[in-house]
Amino acid sequence: MIYLPFSSSSTEETILNVLTDELGLKPYQVHQAQKLMHFGFPPIATTKTLSYLLGVSDGIIYTMSKFPENYYRLYSIPKKSGGERQIESPRIILKVVQRWLYLNILIKVKLSDNVNGFVPGKNIFSNAKPHINSKNLMVIDIQNFFPSIPKRNVFNIFRNAGFTVRVSYVLAGLCTFEGRLPQGAPTSPMLANIAFAPVDTRLRDLAESWGCIYSRYADDLAFSGDRHFTKQDIFAISELLENNGFHVNNVKSRITGKGSRQVVAGLVINKYGLPTREKRRRWRALFHDASENPKEIKETTAQLRGIASFVKQYNPKLASSYFDIANKTAGK
């Protein structure tokens, strides 16, 4: 079971005293723990501290960090654009540890306002909003975003946050697979955001020099404004990305003007910022069928509720009717 052996009202002094008594921390380690807490991070001064805070044996932590390949389940899912995407899903114990690291460390790292993917309080709608009704749009897709980030970059993230070399190495091992970020771990999206932060700054500066707006949702980069984007602009961004270990997916990158349908991370932004008309029609037909013939539809109640939750972000009234239909299918 993963837990923090302190109440939310525990003082810094109480926590340090407990750790010292339980783990025999030395003065320099207490100082290290104190520094981490000052910046809002858990006081992981040693690997034994990590084990104690998680409630998992030091041996298991070491094994998962040293041999993470033994703690993943691999499978493939079809891509919308064709082909398959390999998913590396961590097994329960590692996933719970990763979730703890996300909630107690990664979520506390400040990101640029340009970043909208996997950030609390942000979503594809906040990502699309700055680009709505723009004159011109350029979208750049990054190829193999998570796997492009190596273990050494993840190690540097924890090291720069103030953790010791030893602790940073263990944390990096817990969050990587085959020496890079896995596609399926709960820590990967935020680690990717943090690792990409220096590139976000350069892309934002480039956009400002063009008089444009820049935003990013995961591996989807969007630039909009009065500038007439050209293939040379895509080349400039591609070169910048390659200098930082990333590569452009030219098949999914595009330039569109105001007269064409402009799409950012799946939302049409010509006027409002909505899912494509085709998708909205498909959902409307799906919920009509679910209402008329709930026993015949293939989708589950959970899937229908998921769609309704998404629709709620741009049309609460329509979402309410979708939720009603979804709930009625529970008894099919």
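The values are calculated or read from the model by the stated rules, or taken from the named source; none is laboratory data. Remember, predicted model here, so these are calculated numbers, not experimental data. Ligands, DNA and RNA are excluded from the accessible area calculation, which covers all protein heavy atoms including side chains. Shrake-Rupley method; radii C 1.70, N 1.55, O 1.52, S 1.80 Å.
At 222 nm, what helix-only mean residue ellipticity would the chain give, in deg cm²/dmol to the nearest 500, using -39500 (n - 2.57) for each DSSP H run of four or more? Can you show the working numbers first?
Details: 14 runs with 155 residues, N = 332.
After summing the helix terms and dividing by residue count, I get -14000 deg cm²/dmol.
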Once you keep just the Cα pairs under 8 angstrom separated by 6 or more residues, what percentage relative contact order results for region 23-180?
27 percent
The alpha-carbon center of region 90-151 and that of region 262-314 are separated, in whole Å, by 23 Å
Connecting every pair of Cα atoms under 10 Å apart in the chain and solving the GNM, the largest mean-square fluctuation among 100, 210, 283 falls on 283
With every protein chain kept in place and a 1.4 Å probe, the chain has an accessible area per residue in Å² of 52 Å²
Listed residue pairs exceeding 26 Å between alpha carbons, taken from 279/328; 129/279; 271/298:
271/298
Which one of 79, 312, 48 has the biggest mean-square fluctuation once the chain is modelled by GNM with Cα springs under 10 Å?
79
Most mobile of 162, 259, 273 in a GNM of the chain (Cα contacts under 10 Å)
259
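Considering only protein heavy atoms and a 1.4 Å probe, what is the carbon-and-sulfur percentage of the accessible area of the chain? Please report the intermediate quantities before stating the final value.
On the way: 8860 of 17380 Å².
Within the chain, the accessible surface is 51 percent carbon and sulfur.
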Could you count how many Lys pairs in region 20-83 have their Cα atoms under 26 Å apart, skipping same-chain pairs fewer than 8 positions apart?
5
Row for region 176-318, column shape: gyration tensor on C-alpha, a ≥ b ≥ c, rounded if a/c < 1.5 i.e. under 1.5, prolate if a/b over b/c, else oblate; value oblate
Please give the helix 27-38 orientation as an angle from the longest Cα principal axis of the chain, in degrees from 0 to 90, rounded to the nearest 10.
20 degrees
How high is the relative contact order of the chain, in percent, with contacts defined as C-alpha pairs under 8 Å that are six or more residues apart?
18 percent
Entries of 135/317; 295/317; 258/317 with Cα pairs more than 27 Å apart:
135/317; 258/317
